[in-house]
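Remarks on the structure that follows.
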Amino acid sequence: MWWRVCSLLAWFPLQAAFLTNHTETITVEEGQTLTLKCVVSQAKTASLQWLAPSGFTIFLNEHPALKNSKYQLLHHSPNQLFISVTNVTPQDEGTYKCLHYSNSVRTKEMKVIVLATPFKPILEASVVRMHNGEEHVILKCSTMRSKPPPQITWLFENNIELYGETHHEFENDGKKCNSSSTIRVHAYGKNSTVDCIIRHKGLQGRKLVASFQFKDLVTDQETASDALEKSSSSSQDPQQPTRTVTVIEDSSTSEMEEEEQTTQDPDLTTGANSQYTGLMKKKSGILLLTLVSFLIFILFIIVQLFIMKLRKAHVIWKKENEISEHTLESYKSRSNNEETSSQEKNSQTTRSKSCMNYITQLYSEAKIKQKENAHHSKLKEEYAQMPESIV
């Protein structure tokens, strides 16, 4: 119970210390420079601080906290801190906070909304042929990379402005979207026209308009079959533009569906602006760069595998070389040992022969002495048997 009372007593001064003066809303177009100004009335202050929507500090007084070149210091004084954000993108959208540190901490919030103006609209036309012979014209008007989604309407000659079937498809970042509107025209005159009108906050009251004339559609319908016959009989010059019309069979109302030739009319597509072309070129360049990087990566892997294979072969060759050298050394040592053993055997044989000769010589000498001794003993016996007179 007491700790709850103490926590409440501590919360009131803490809540009074962080006071939000007011919140302002700033709308800026993509690519422009955003200026954030923080001004306090007190002449003496401890410090001023700007926080990004992510909560990180951008500037503390005149000291930058984020190493980002798009955040720049414009002015700093004891009661003022002006900064700018260059080349604003939808990722810079959010609430920026200026903190004023003195006896209490006061907060000033700046809600920033980034607008991305849509591209010039592209208008496409196609003809839907019914099973009963009737033809309807479907007009499609599309624009890209806008934030927030634009408003698309259709204006006819009698000043009747209608909404079509609008579809918005957001990109991966969830901020910009590609929008399209489709309308079906059941009856039209040869000289009739219709305008696709794009309205957006970033246009500041201006409009983006793409016009379509039905006389072009009628002319294309009359010449579509001739163009197809000419293209089938002779090859067409690639530099000469073709003029065809899209013919679609409505399968939702017919039980038996007849096959029709379908071609696209590039001349019915109007309002292709330079931004869209640049975007497509940029996408194709990114795709080409990605493909080249992938090929380089594959080549790098192949080279690494080849180097590993060479290293492995070198290790195997080195082992085989060491084994052969070891075998050669062992063979040499074995031959040396055999030569040494043969020499020792020869020396032993020589010694044994000399010993045998010596023994034989000793034996012969002993035998001679034995014979001499026997002869002497025989002479002594004969001398002893002689008569004394002879002696």
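Largest first, the three principal axis extents of the alpha carbons in segment 119-221 are 46, 28, 21 Å in whole numbers.
Take segment 119-221 with all the other protein chains still there, run a 1.4 Å probe, and you get 51 Å² of accessible area per residue. A crude spin-label estimate for the pair Lys378 and Lys332, with each label 7 Å from Cα along the Cβ direction, gives 7.0 nm. What's the long-distance tail for segment 77-143, i.e. % of Cα pairs beyond 18 Å? Distances greater than 18 Å cover 66 percent of the Cα pairs. For a straight C-alpha distance cut-off of 22 angstrom, the lysines reachable from Lys380 (same-chain residues fewer than eight places away being disregarded) are Lys367, Lys369, Lys371.
Could you please state how large a percent of the accessible area of segment 330-391 is carbon and sulfur, counting protein chains only and using a 1.4 Å probe? Ligands and nucleic acids excluded, carbon and sulfur give 54 percent.
Report the gain in length on full extension from His76 to Gln370: 0.36 nm times residue separation, minus Cα-Cα distance, nm rounded to one decimal.
This chain segment gains 91.7 nm when fully extended.
The lysines whose alpha-carbon is closer than 27 Å to the alpha-carbon of Lys215, local same-chain residues fewer than 8 away aside, are Lys120, Lys140, Lys190, Lys207, Lys230. Straight Cα distances below 30 angstrom link Lys309 to the lysines Lys318, Lys319, with same-chain residues fewer than 8 positions distant left out.
Within segment 24-115, what whole-number % of the accessible surface is contributed by carbon and sulfur, with the 1.4 Å probe and all protein chains included in the calculation?
Summing carbon and sulfur atoms, their accessible area is 49 percent of the total for segment 24-115.
Of Thr143, Gln204, Val194, which is farthest towards the positive pole of segment 122-213's charge dipole, taken about the Cα centre with +1 and -1 on the beta-carbons of Lys, Arg and Asp, Glu respectively? Farthest towards the positive pole: Gln204. Between Asn191 and Gln32, the FRET efficiency from the beta-carbon distance, with R0 = 51 Å, is close to 0.75. A Stokes-Einstein calculation at 37 °C with viscosity 0.692 mPa s, built on the Kirkwood radius of segment 24-115 over Cα pairs, returns a diffusion coefficient of 248 µm²/s. Accessible area per residue for segment 24-115 is 51 Å², calculated with a 1.4 Å probe on protein heavy atoms, without ligands, DNA or RNA. What a 1.4 Å probe finds exposed on segment 119-221 is 46% carbon and sulfur by accessible area, rounded to a whole percent.
The values are calculated or read from the model by the stated rules, or taken from the named source; none is laboratory data. Owing to the predicted nature of the structure, the values given are computational and were not obtained by experimental measurement. For neighbour counting, all protein chains shown are included, and Cβ atoms are generated from backbone atoms with ideal geometry for every residue, glycine included. Heads up: the accessible areas ignore ligands, DNA and RNA and are worked out on the full protein's heavy atoms, side chains in. Shrake-Rupley method; radii C 1.70, N 1.55, O 1.52, S 1.80 Å.
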